[in-house]
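Worksheet: one structure, shown below.
The values are calculated or read from the model by the stated rules, or taken from the named source; none is laboratory data. Because the structure is a prediction, the values reported are computed rather than measured. These accessible areas exclude ligands, DNA and RNA; they are computed on the full protein's heavy atoms, side chains included. Shrake-Rupley method; radii C 1.70, N 1.55, O 1.52, S 1.80 Å.
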Amino acid sequence: MPIHSRAPRALVAGAIAAAGLLLLAPIPAARAQFHLGVGGVGSTLGLGGDVTIGLGSHVVLRGAQTVGSIGTNRSLQDQTYDLFAKADNRAYMIDLHPFGGGFYLSAGRVINHSTIRLTGTSTNGEYTFDGQSYAADSVGTLTGRIILPEKPMFFGFGWDHTFGNKWPSSLTSRLGVLHQDRATDAWNEFQAD
């Protein structure tokens, strides 16, 4: 169920910030070390890279950008479409390592600039919508798009030992969900030839 009010989102953001400060508070100034890491990312949001800043052994700030694209043919409600999806996402996360080891809890925001475009393909010179057939020459070029929410929240957990081992590289895992409103669509964008 999407959250439509800003109050619960502000409450969640405040709780995350407070937890981060509580984890930083017991770290003595002599032990508070700052680390920088750069890495590659492969995820369901695309391929890209990330930059991490370690603040002691409990807090990691992470920024990432992912891109990618895919094209395919799909039938939706008896109508065939050429579908092209292009991913373009930026993510800003805070990872809290409650035990100072590899396990972490993560929260953040994904800035979504991804696009999904559809181009209708006529079948026997006709397009069919909701069981009604239309001659392809009367419709012209049929295009549509699916508009994804632009700023969903991310919540997850994972394993990251980027700053906790002696090796010059590390493998990180993350599992989580994007909490977002529904995607909207624009199916009736007809362009006459």
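Side notes on the structure shown:
- Residue 146 accessible area, 1.4 Å probe, all protein chains in place, Å² to nearest 10: 50 Å²
- The alpha carbon centroids of segment 77-102 and segment 128-155 are separated by 22 Å.
- With 0.36 nm allotted per residue and the present C-alpha distance subtracted, the residue 105-residue 90 stretch has 3.5 nm of extension available.
- What the Cα atoms of segment 71-156 give is an Rg and a Dmax of 20.4, 65 Å.
- Each residue was assigned an accessible area with a 1.4 Å probe, and for residue 96 the value is about 20 Å².
- Whole-angstrom Cα spans of segment 42-112 along principal axes, big to small: 55, 20, 17
- Placing one equal scatterer on every Cα of segment 39-193 and applying the Debye formula, the log10 ratio I(q)/I(0) at q = 0.18 Å⁻¹ is -1.02.
- Within the assembled protein chains, the solvent-accessible surface assigned to residue 179 is about 50 Å², based on a 1.4 Å probe.
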